[in-house]
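The block underneath contains the structure these notes are about, expressed in structure tokens.
The values are calculated or read from the model by the stated rules, or taken from the named source; none is laboratory data. Note that the structure is a prediction, hence the values are computed from the model and not measured. Ideal geometry is used to build each Cβ from the backbone, glycine not excepted, and the neighbour counts take in all protein chains shown. The accessibility values were calculated without ligands, DNA or RNA, using every heavy atom of the protein model including side chains. Shrake-Rupley method; radii C 1.70, N 1.55, O 1.52, S 1.80 Å.
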Amino acid sequence: MESESEAKVDGETASDSESRAESAPLPVSADDTPEVLNRALSNLSSRWKNWWVRGILTLAMIAFFFIIIYLGPMVLMIIVMCVQIKCFHEIITIGYNVYHSYDLPWFRTLSWYFLLCVNYFFYGETVTDYFFTLVQREEPLRILSKYHRFISFTLYLIGFCMFVLSLVKKHYRLQFYMFGWTHVTLLIVVTQSHLVIHNLFEGMIWFIVPISCVICNDIMAYMFGFFFGRTPLIKLSPKKTWEGFIGGFFATVVFGLLLSYVMSGYRCFVCPVEYNNDTNSFTVDCEPSDLFRLQEYNIPGVIQSVIGWKTVRMYPFQIHSIALSTFASLIGPFGGFFASGFKRAFKIKDFANTIPGHGGIMDRFDCQYLMATFVNVYIASFIRGPNPSKLIQQFLTLRPDQQLHIFNTLRSHLIDKGMLTSATEDE
């Protein structure tokens, strides 16, 4: 009995913190629609006004998406970084407001410090992996690369010790809640945005097609649901309907096939993004792999009798695009449902009011992060093979005796395979 009362004095109970969140009133979102749109659409009902507002701003976001694609991979990476920071800010702010964490010492400072540490770790790994020759050429970068993980761990330990030192008697439980909140946010936002960067380096097509499929599914599901929706899909999102879900699926698969066909014919989209040490810039020029070369496929007899074609010429990547668009349509929306459940749990309508009619940046990227993880796993499982250029780069950094050992081992292996003759060995 004494320990229970002591626990209540020393720190807040779980029910105390939960009751705070439960008692928090549902914020009434202000009308953040631009005044020019309000005047132009003033005669419409709220349903059609929302439709036009969402439609116009969606077209604006798509146009912005085309612009950053045109500006190249470096700009895309910067945009991904900015989106990540904004999503992190939105989620941390929710925790800060819902749990009334105004009096917690160092909470916001430590949250942003941990964001910095995690980004240093992930982007340091990326730089070492994709800019290997540049790193080896510059002495400071070589030292940072060699001890990168130790430095990253040290930075994290500093933050960990700062958190422990910040603990105060009356806020123990709440401080640990927010410590966990920060780390889960880092896992959801930073880790998955890092996978977006990795997908981009595999070729811009692996970045553009998945993102476009999610956007297409979001738009078409909304359109089908708006005009034909009758049957509710899930209680977490009452406005979602089976008609929108199914219509969005078929539309997204067709869209994915068409977009993949168009993009597979351009080297700037299909070639991996690599760093050119001579020009100190990114290059996307290569000889396209078989994945992006037209091939002829036989059509099953049942389908032949319907369409009258015996064969069809298509890119192998288009077959992979079916998997990508299927995931974007059937599994991707569950990222949105998860976000809806999260918002309902804390009695909020949107993560923020950044985009009129759409909510916050996280409201637009809840499905994208799940999609990015799938694409990264898909590439690693079914697409990516050993990278000869990276192997050679690592080989050249070894000591001469290690290089000679690998050379002799490789030569013996090639002779055993019959690719080199004994005469070559004698020479």
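Here are some notes:
- Search result, residues across region 292-318 that are surrounded by 15 or more Cβ atoms within 10 Å (Cβ to Cβ) and part of a helix (DSSP H, G or I): Phe292, Pro316, Phe317, Gln318
- Taking region 339-349 as the range and being closer than 15 Å to Cys87 by Cβ and open to solvent by 40 Å² or more (accessible area, probe 1.4 Å) as the test, only Phe342 passes.
- The residues on offer are Thr126, Thr133, and the sole one that is outside the structural domain of Arg344 (by the TED database), within 30 Å of Val284 (Cβ to Cβ) and within 23 Å of the chain's Cα centre (by Cα) is Thr126.
- A single entry from Leu165, Leu141 fulfils the requirement of being part of a helix (DSSP H, G or I), out of contact with any Gly (no Cβ under 9 Å at 6 or more places or on another chain) and under 22 Å from Gln393 (Cβ atoms): Leu141.
- Test: residue in region 192-212 that is open to solvent by 20 Å² or more (accessible area, probe 1.4 Å) and farther than 18 Å from Ile379 by Cβ: no
- Whether a residue is surrounded by fewer than 17 Cβ atoms within 10 Å (Cβ to Cβ) and in a helix (DSSP H, G or I) was assessed, and Gln394 passes this test.
- Each residue in region 235-291 was checked for being β-branched (Val, Ile, Thr), open to solvent by 50 Å² or more (accessible area, probe 1.4 Å) and in a strand (DSSP E or B), and 0 of them qualify.
- The condition of being open to solvent by 30 Å² or more (accessible area, probe 1.4 Å) and farther than 20 Å from Leu195 by Cα holds for only one of Ile85, Ile62, Ile94, that being Ile62.
- Region 319-335 residues that are open to solvent by 30 Å² or more (accessible area, probe 1.4 Å), paired with ones that are in a helix (DSSP H, G or I) (beta carbon under 6 Å, 6 or more apart): Phe327/Phe374
- Odd one out for Lys349, checked against (1) under 27 Å from Ile79 (Cα atoms); (2) assigned to a helix (DSSP H, G or I): (2)
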